[in-house]
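Each remark here refers to the structure printed beneath this line.
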Number of protein chains: 2
Amino acid sequence: MGRKYVIGLDYGTESGRALLVAVDNGEEVATAVMTYPHRVIDDTLPGTGKKLEPDWALQDPRDYLQVLETVIPQVLKESGVKGGDVIGIGTDFTACTMLPIDQAGAPLCMKPEFAANPHAWVKLWKHHAAQPEADKINEVARARGESFLARYGGKISSEWFFSKALQILDEAPEIYTAADRLIEAGDWIVLQLCGKDTRNACAAGYKAIWDEGYPDKAFFKALDPRFENVVADKLNAPVLPAGVKAGGLLPEIAKKIGLVPGTAVATGGVDAHVAVPATAATSEGKMVMIMGTSLCHMVCGTKKVAIDGMCGVVKDGILPGFYGFEAGQSAVGDIFAWFVNNCVPASVAEDAKKAGTDIHGYLAAEAGKLKVGESGVLALDWWNGNRCILVDADLTGLMVGMTLGTTPAEMYRAILESTAFGTYTIIRQLEKGGCPITELYACGGLPGKNPLLMQIFADVTNREIKISASEQTVALGSAMWGAVAAGAAAGGYDDVTHAAQKMARLRKETYKPNKENHAQYEKLFAEYTRLHDLFGRGGDNVMKNLKAIKRSIRGVSN
Amino acid sequence: MGRKYVIGLDYGTESGRALLVAVDNGEEVATAVMTYPHRVIDDTLPGTGKKLEPDWALQDPRDYLQVLETVIPQVLKESGVKGGDVIGIGTDFTACTMLPIDQAGAPLCMKPEFAANPHAWVKLWKHHAAQPEADKINEVARARGESFLARYGGKISSEWFFSKALQILDEAPEIYTAADRLIEAGDWIVLQLCGKDTRNACAAGYKAIWDEGYPDKAFFKALDPRFENVVADKLNAPVLPAGVKAGGLLPEIAKKIGLVPGTAVATGGVDAHVAVPATAATSEGKMVMIMGTSLCHMVCGTKKVAIDGMCGVVKDGILPGFYGFEAGQSAVGDIFAWFVNNCVPASVAEDAKKAGTDIHGYLAAEAGKLKVGESGVLALDWWNGNRCILVDADLTGLMVGMTLGTTPAEMYRAILESTAFGTYTIIRQLEKGGCPITELYACGGLPGKNPLLMQIFADVTNREIKISASEQTVALGSAMWGAVAAGAAAGGYDDVTHAAQKMARLRKETYKPNKENHAQYEKLFAEYTRLHDLFGRGGDNVMKNLKAIKRSIRGVSN
């Protein structure tokens, strides 16, 4: 038997990527990426000239198929690997990204009679127009004392599945009725690949209030009598954990993409969550941080505990057999980018050029020379609200301690530190709630780009941080689930722990906490925490008051 | 009798200036400025190579004489005005800027036996090394229940006269003993001009705890037994209000500078305070704001009331016959400059260039397009601490409300607004204390440079602001006091009200408050005030805690 391969298919917000990986050692043999022809549809509905309302964000499902048919042949061609040596496919998708389909699985937007109705299209994760529905869901859930609220930090998001589904019912009941099913795009792509309608436990659990079952009919009826049977009518498919084989690749699609019919197709996955096995964090107490524009924290626990302010806790949600806790910070790299674009003077840009580096690099070098606490500047990392543990989009950024001698590097460092304090707050909340965090693993774009940030995270949290060696942790994770779906008999693995032992790779160098720095950071963290609680828990409402004044002038948008 | 003239001599921190003014209409005929050869001595003592300790700031009194002998002949030459047509000289000086002199009025630093001792030199206003002495003064005053504390916002500054005098006694008792007198530089220059040792009520009142008398001997004894007779021994000279003729110009100096012996020399003045008549604000309830790097507020009242958090209230301190209230903000233009130098991206610099303006101008134009409250950003103007009404140098800057969409212009506007809120806080405190403020007058460098700032000040305070038409308001004010010292019989004026009617000039255009903007600003000011009290009055000590951490690393300096 020759060398075997798996493919990870990673569907992001703007593009889709294939990663071809060797099963034996996780070698990343080839990768190909393609931008969606329609990218994010947030202005005009294609083919109609129809303007979308603010906060809408749609996609065209044909783009997903086009990506599939482009990038898979590309990695095969580039690598010279034969389709017959690919034993499994794993996929991941943004979530909740959902669409209405007919009985045959065809998206309603692809049917001429519905194409002009925006509700027939894919609602992307960042479609934010279902806020009234989310408000109603939260109101009804609170009134009924629904226990699921506690699992989601007390609040269901406008981005999630039932908010979006209820918006379709509210605004386009004809689409709701015409839809045979409503489905996550991540499950839809699996359906296209293998013809099996499955629902992945991760998306169901973190985005559709699933916990070995959805909320009961009475709850949905209380939202709208027509919504009573939404689960039975529109979601009637098995919910399966990651790494299960959903089915075998259909002959027609196999031919198009150059693979062999029957190749194992894993159940769908959510982008952040599939990264976990790719960092080898496949046991309890290991927190994986996907660090990019925002930060997603994932950790597996063995006890089901409700912890205030988390994004969710889901059985089998990350790894089978564990309770998966998800938390997050709504902006991290985004704040750094904002600072560099809006707050760094021309003189720094010139100095950076002279030093042969970019502004980030120059600021990091200057900020790295500062001792902890030396600048006297402290920030709250809420430029895009606070996702965890306060779950409040109306909070805003704060910086304090500036004097006439304060430098850009000092403010830059304060902003980096604030995001580390945000993560430390989440870690402490998890531990307080009964979910211990013993090790940190980082992946995503930031760890490779900003070593100072990683050292600050290690010093603040007083924990060693291991860094994924892969540039494509998410796609690699999907590929690993593909290998598990294929199973050992077919040349893959029977479980994810074995897959991770062979296929996951970490960098040799880790970030180790400096004890002295941590002791200093505990002092600063005490200040951070007091301000966090003061402004985040209603002690002083300046942020909300300013937003209310702003909204009274600008209208509802930000 | 031909046209008569007066000269205003303005001694600043870095340079001295003469302004030759026509008595009849205030026309500014000629001006000349000279930088002090030794500027500020804060590194090495001249002629000794001796390093000064941190926080020291000295000057060389010979520089003051050199300026005098340079700039007065220069304005005479430039204008063609004859020395005989100059009827009076008024002077103003930074304060408290003080020095030890011998019986003949010679500075001790000019004597070879003392020249190597830094305590023999002029201590400039911003000499900050007398903090231990100021602490002792405050401690003893509080313990003794000295009533004067209330007049100075509850605190005597390290910059003030007795702090500096006590430092001489503490660290150089031989200089203290050798000094026949200790004198404000502003009174020393008058002594040089006319041979009369007088003390101006303004400097005495605002800087030397004078209120129709200095504190009593028991107080000084409690500070140090050797200090008991400081007043009788070292300050034995009459205290006179502004506009009084201290004496006639001495023949020797008259010859050197091209004026006539006997020309009226007015009592000394303090730089900010002499600006008041130059804006024509010569009656009750008119607040004069000198707006530059920092902001000084002066207002005359008819009732002596102690108002918490003011810099001082002094009878005859600003205008004879009134109680002069002084307040201030320790940084205004300095914060704007900090922002422009440290927080404005290259893209804004480029856009400014394209628009044919500088960064300030460009930001002001962009910020001017914003509606009040539209940005959602709010700042506390404490980058250099808070002088009034909190009197706390350890407070620091704060900005809140930033999102990923926040622009440099929005932050710039928030900073301008914060300084207006600072002034509004002072106005409300004065009014609450029984000192009504009916009109605002502005002078200094900022009003001409930043119309947006002035409109914001008008809108926030809900008061019309009149702007001085003179570019040299301080020197003009000094010249006016010279005209009053000369008196009507000599071609001058008998009182400052008449002098102001003829010689002060305001711009035609004033800044009128916009009612709608003010109503919006009241909402923002409520937020500012709550944060002001929270962080400024001990509700939350984050600023001091951060400074304590910073100091533990950097040492005592800022």
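The values are calculated or read from the model by the stated rules, or taken from the named source; none is laboratory data. Owing to the predicted nature of the structure, the values given are computational and were not obtained by experimental measurement. Cβ placement follows ideal geometry from the backbone for every residue including glycine, while neighbour counts extend to all protein chains displayed. Accessible surface areas use protein heavy atoms only, side chains included; no ligands, DNA or RNA. Shrake-Rupley method; radii C 1.70, N 1.55, O 1.52, S 1.80 Å.
Restrict the check to the stretch A:445-452 and report whether at least one residue is free of Cβ contacts under 8 Å to residues at least 60 places away in the same chain and not aromatic (Phe, Trp, Tyr).
There is at least one residue in the stretch A:445-452 that is free of Cβ contacts under 8 Å to residues at least 60 places away in the same chain and not aromatic (Phe, Trp, Tyr).
So how many residues does the stretch A:272-295 have that are surrounded by 24 or more Cβ atoms within 10 Å (Cβ to Cβ) and either touching a Gly at 6+ places or on another chain (Cβ under 7 Å) or not small (Gly, Ala, Ser) (or both)?
13
Identify the residue in the stretch B:373-395 that is of a type in the set (A, V, I, L, M) and under 14 Å from B:Leu531 (Cβ atoms) and, among all such residues, is farthest from the other protein chains (Cβ to nearest Cβ).
By that ranking, first place goes to B:Leu390.
Tell me which residues, restricted to the stretch B:356-367, are within 13 Å of chain A (Cβ to nearest Cβ) and either open to solvent by less than 10 Å² (accessible area, probe 1.4 Å) or hydrophobic (A, V, I, L, M, F, W, C) (or both).
B:Ile359, B:Leu363
Return the residues of the stretch A:330-339 that are under 15 Å from A:Leu453 (Cα atoms) and either over 13 Å from the mean Cα position of the chain (by Cα) or more than 8 Å from chain B (Cβ to nearest Cβ) (or both); say none if nothing qualifies.
Once the filter is applied, which keeps residues that are under 15 Å from A:Leu453 (Cα atoms) and either over 13 Å from the mean Cα position of the chain (by Cα) or more than 8 Å from chain B (Cβ to nearest Cβ) (or both), the stretch A:330-339 yields A:Val332, A:Gly333, A:Asp334, A:Ile335, A:Phe336, A:Ala337, A:Phe339.
Say we look at the stretch B:527-544 and pick out the residues that are within 8 Å of chain A (Cβ to nearest Cβ) and out of contact with any strand residue (DSSP E or B) (no Cβ under 9 Å at 6 or more places or on another chain); which of these is surrounded by the most Cβ atoms within 10 Å (Cβ to Cβ)?
B:Asp540
Name every residue in the stretch B:32-52 that is basic (Lys, Arg) and touching a residue at least 24 places away in the same chain (Cβ under 8 Å), in order of residue number.
Once the filter is applied, which keeps residues that are basic (Lys, Arg) and touching a residue at least 24 places away in the same chain (Cβ under 8 Å), the stretch B:32-52 yields B:Arg39, B:Lys50.
Which of the following residues is more than 21 Å from B:Cys96 (Cα to Cα), touching a residue at least 12 places away in the same chain (Cβ under 8 Å) and assigned to a loop (DSSP other than H, G, I, E, B): B:Asp24, B:Asp55?
Only one candidate passes the filter, namely B:Asp24.
Table: residues versus (1) open to solvent by less than 10 Å² (accessible area, probe 1.4 Å); (2) touching a His at 6+ places or on another chain (Cβ under 9 Å); (3) under 22 Å from A:Val274 (Cα atoms); (4) among the acidic types (Asp, Glu).
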position	(1), (2), (3), (4)
A:Ala141	yes, no, no, no
A:Ser157	no, no, yes, no
A:Ser163	yes, no, no, no
A:Ile168	yes, yes, no, no
A:Arg181	no, no, no, no
A:Ala185	yes, no, yes, no
A:Leu193	yes, no, yes, no
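Select, from B:Thr425, B:Thr406, the only residue that is in contact (Cβ under 8 Å) with a residue 12 or more places away in the chain and in a loop (DSSP other than H, G, I, E, B). Break it down into steps so the answer makes sense when it comes.
On the way: B:Thr425 fails: in a loop (DSSP other than H, G, I, E, B).
Just one listed residue meets the conditions, B:Thr406.
Can you tell me how many residues in the stretch A:224-234 are surrounded by fewer than 21 Cβ atoms within 10 Å (Cβ to Cβ) and in contact (Cβ under 8 Å) with a residue 24 or more places away in the chain? Even if it seems obvious, please write down each step before you answer.
In the first step, residues of the stretch A:224-234 are kept if they are surrounded by fewer than 21 Cβ atoms within 10 Å (Cβ to Cβ); the result is A:224-226, A:228-229, A:231-234.
Among the residues that remain, those that are also in contact (Cβ under 8 Å) with a residue 24 or more places away in the chain are: A:224, A:226, A:234.
So the count comes out to 3.
Considering each residue of the stretch A:494-523, count those that are crowded, with 21+ Cβ neighbours inside 10 Å and either at the interface with another protein chain (Cβ under 8 Å from one of its Cβ atoms) or among the β-branched types (Val, Ile, Thr) (or both), and give that number.
As a first pass, look at the stretch A:494-523 and keep what is crowded, with 21+ Cβ neighbours inside 10 Å: A:496, A:499-500, A:503-504, A:511, A:521.
Still in the list and also either at the interface with another protein chain (Cβ under 8 Å from one of its Cβ atoms) or among the β-branched types (Val, Ile, Thr) (or both): A:496.
Residues meeting the conditions: 1.
State all residues of the stretch B:445-468 that are small (Gly, Ala, Ser) and modelled with pLDDT of 95 or more; if no residue qualifies, say none.
Taking the stretch B:445-468 as the starting set, the residues that turn out to be small (Gly, Ala, Ser) are B:445, B:448, B:458, B:468.
B:Ala458, B:Ser468 - these are the residues of the stretch B:445-468 that are small (Gly, Ala, Ser) and modelled with pLDDT of 95 or more.
If only one of A:Ala409, A:Ala414, A:Ala442, A:Ala367 is over 24 Å from B:Ile553 (Cα atoms) and of a type in the set (A, V, I, L, M), which one is it? Reasoning before the result, please.
Values: A:Ala409 fails: over 24 Å from B:Ile553 (Cα atoms); A:Ala414 fails: over 24 Å from B:Ile553 (Cα atoms); A:Ala367 fails: over 24 Å from B:Ile553 (Cα atoms).
Of A:Ala409, A:Ala414, A:Ala442, A:Ala367, the one residue that is over 24 Å from B:Ile553 (Cα atoms) and of a type in the set (A, V, I, L, M) is A:Ala442.
Test of understanding: among B:Leu370, B:Leu398, which residue is open to solvent by 10 Å² or more (accessible area, probe 1.4 Å) and within 12 Å of another protein chain (Cβ to nearest Cβ)?
Within the list B:Leu370, B:Leu398, the selection yields B:Leu370.
Here are some conditions: (1) at pLDDT 95 or above; (2) on the phi > 0 side of the Ramachandran plot; (3) within 23 Å of the chain's Cα centre (by Cα). B:Gly262 meets all but one. Which one does it not meet?
Among (1) at pLDDT 95 or above; (2) on the phi > 0 side of the Ramachandran plot; (3) within 23 Å of the chain's Cα centre (by Cα), the lone unmet condition for B:Gly262 is (3).
All but one of (1) under 25 Å from B:Ala409 (Cα atoms); (2) modelled with pLDDT of 95 or more; (3) open to solvent by 40 Å² or more (accessible area, probe 1.4 Å) hold for A:Trp338; state the number of the condition that does not hold.
(3)
Within the stretch B:344-355, is there a residue that is over 33 Å from the mean Cα position of the chain (by Cα), over 24 Å from B:Arg463 (Cβ atoms) and more than 12 Å from every other protein chain (Cβ to nearest Cβ)?
Within the stretch B:344-355, one or more residues are over 33 Å from the mean Cα position of the chain (by Cα), over 24 Å from B:Arg463 (Cβ atoms) and more than 12 Å from every other protein chain (Cβ to nearest Cβ).
Give the residues of the stretch B:170-179 that are open to solvent by 10 Å² or more (accessible area, probe 1.4 Å) and of a type in the set (A, V, I, L, M, F, W, C), sorted by residue number.
Once the filter is applied, which keeps residues that are open to solvent by 10 Å² or more (accessible area, probe 1.4 Å) and of a type in the set (A, V, I, L, M, F, W, C), the stretch B:170-179 yields only B:Ala178.
What's the total number of residues in the stretch B:238-252 that are crowded, with 24+ Cβ neighbours inside 10 Å and touching a Lys or Arg at 6+ places or on another chain (Cβ under 9 Å)?
Residues in the stretch B:238-252 being crowded, with 24+ Cβ neighbours inside 10 Å and touching a Lys or Arg at 6+ places or on another chain (Cβ under 9 Å): 1 in total.
Filter the stretch A:114-140 down to residues that are out of contact with any strand residue (DSSP E or B) (no Cβ under 7 Å at 6 or more places or on another chain), closer than 15 Å to A:Tyr176 by Cβ and part of a loop (DSSP other than H, G, I, E, B), then give me how many there are.
3
Could you give me the residue pairs with C-beta distances under 6 Å whose first residue belongs to the stretch A:105-130 and is more than 27 Å from A:Ala393 (Cα to Cα), whose second residue is of a type in the set (Phe, Trp, Tyr) and open to solvent by 20 Å² or more (accessible area, probe 1.4 Å) wherever it lies, and which are 6+ apart or on separate chains?
From residues that are more than 27 Å from A:Ala393 (Cα to Cα), the pairs are A:Leu108/A:Phe114; A:Ala120/A:Phe114.
When you go through (1) under 23 Å from A:Ile72 (Cβ atoms); (2) part of a helix (DSSP H, G or I); (3) open to solvent by less than 50 Å² (accessible area, probe 1.4 Å) one by one for A:Lys255, which number turns out not to apply?
Here A:Lys255 clears every test but (3).
Identify, by number, the condition in (1) assigned to a loop (DSSP other than H, G, I, E, B); (2) open to solvent by 10 Å² or more (accessible area, probe 1.4 Å) that A:Ile209 doesn't meet.
(2)
Which members of the stretch B:149-198 meet the condition of being in contact with a Cys (Cβ under 7 Å, 6 or more places away or on another chain) and within 18 Å of B:Ala232 (Cα to Cα)?
Residues satisfying the conditions are B:Phe161, B:Lys164, B:Glu184.
Test each condition in (1) under 19 Å from A:Ala486 (Cα atoms); (2) in a loop (DSSP other than H, G, I, E, B) for A:Ala237 and report the one that comes out false.
Only one criterion is unmet by A:Ala237, namely (1).
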